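Notes to accompany the following structure.
Each reported figure results from applying straightforward, stated rules to the coordinates on display, with no laboratory input. All values derive from a computational prediction rather than experimental measurement. Cβ placement follows ideal geometry from the backbone for every residue including glycine, while neighbour counts extend to all protein chains displayed.
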Amino acid sequence: MKTRTYFTMNAYWFGLAFLWNGLHPIILPAILLGLVPETQKNSYLGILTFVGLVLAMVIQPLAGSLSDRYGSSWGQRRPWMLAGTVFALVCLSGMAASSQSLLGIIITYLLLQLAMNTAQGPAQGLIPDLVPTERRGFASGIKNLFDMGGLVVTSLVAGQLMGSGNPVLAIAIIGTILAASTAITLIGTPEGSARIRPRDNVTSPLSFLRLNPKKYPNYARLLVSRFLILLGIYTVQGFAQYFIRDRLGIPNAAEVTGNLMAAIGVALTLLVFPAGWLSDRFGRKNLNILGGGLASLGILLIVFVNSITMLYLVGAVIGMATGIFLSVNWALAIDLIPTDEAGKFMGLSNLATAGAGASARLAGPLIDLANNLLPGEYWGYPLVFALAALVALAGTLLLRRIKTPQ
């Protein structure tokens, strides 16, 4: 495989990261501000994104499994990616057109989750399908680079556009980037023709849900700890814009949120690769504990933030913690799983990640409830963020009970 193919194959992930990291923390919260009651905005945002992420948890593995069974002259994965992305572009157009309608936003957002996860599930099969085992680390590193690049760029672009109150242009740019990155992958990936695989050789779409904790106790602890630490991180990420607007009293909250996400993304990117290298020398478990501990500390420090400068500094701490944790936690998971069931256990790790993202959104109603008890004080944010720090700390302490292979 030519070197450039590793880049064209993974270009899709830049568009995907650009979409979700622009929509969830920046664009969607800003749009909802003008459509829902002020005292219930966290509840609307939390419940809507919770439903969307639960939908993603179901559709993504199902679409991936169905693409395993699919055969065409254009390959197994690319037809699904094309169909899902075209549908997503239609949904984005509908979202831009209905940006003044709550019902329109709800419908188009949920359809967008359906469309994008129909594409994303099969897209995850490109590297296992096409890349030799000895080159998969290189290919995955490029994928992570595109993921982080999408996060940083969309944070700055979407934040600036929403800061000037232009959701239609922001959504249009997202659609353009998504279409371009997907086209690069579809055209530049020589997947070739594929035959339909016999059903006997393909696992059930939901087979990855089955895990015997007694047989794999260390991996089960890893899943729980991953869920708890990411739950704490995602809770802050999900409601950062409303915290900045209400608690810090900053009017251009969307723009500041974009800058915050960019700071997190840069810090995360700088540590993803070094963390993996250091884990080979000093042990994955210790670095996992370090990442989880830093994440817990950073989340707790958010409670005491009283300026934009301090906000960016704390965001950098959370970004560094996330970079260390995500890189090394995945490597630790690989160390703990049976090699003949790698696909199943990878699905479980992804489920813990997606489950944390969905569960974090349920903090919205709790924030509103606490805020409304003392109107104008906005105590819901420090209360929930302090709880999120405790949850992340609990996940970190659980890591200590994991016994790693010698």
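Roughly how far apart, in whole Å, are the Cα centres of the range 234-279 and the range 366-406? Centre-to-centre distance over Cα atoms comes out at 17 Å. Each residue of the range 94-102 is assigned a 3J(HN,Hα), and the resulting list reads x, 5, 5, 6, 10, 5, 9, 10, 4 Hz, derived from the Karplus form 6.51 cos²θ - 1.76 cosθ + 1.60 (θ = phi - 60°), x at Gly and Pro. Write out the trypsin sites (Lys or Arg not before Pro) in the range 1-47 meeting two conditions: DSSP loop, and at most 16 other Cβ atoms within 10 Å of their Cβ. Sites meeting the loop and neighbour criteria: K2.
Put simply, the chain fits an ellipsoid with semi-axes of 32, 27, 19 Å; these come from the alpha carbon gyration tensor as the roots of five times its eigenvalues, largest first. Each label point was placed 7 Å from the Cα along the Cα-to-Cβ direction; for R69 and L270 their separation is 4.8 nm. 3J(HN,Hα) along the range 79-91, derived from phi through the Karplus expression 6.51 cos²θ - 1.76 cosθ + 1.60 where θ = phi - 60°, amounts to x, 5, 5, 5, 4, x, 5, 4, 4, 5, 5, 5, 5 Hz, with x in place of Gly and Pro. Taking θ as phi - 60° and the Karplus parameters 6.51, -1.76 and 1.60, the scalar couplings of the range 154-164 work out to 5, 4, 6, 5, 5, x, 5, 5, 6, x, 9 Hz in sequence order, x denoting glycine and proline. Taking 0.36 nm per residue of sequence separation and removing the Cα-Cα distance, the V224/Y312 pair yields an extension gain of 28.8 nm. Ranking G283, Q160, I106 by how far each Cα lies toward the positive end of the dipole of the chain (charges on Cβ) leaves G283 at the top. Applying 0.36 nm per residue to the separation of L62 and L35 and subtracting their alpha-carbon distance, the gain on full extension is 6.4 nm.
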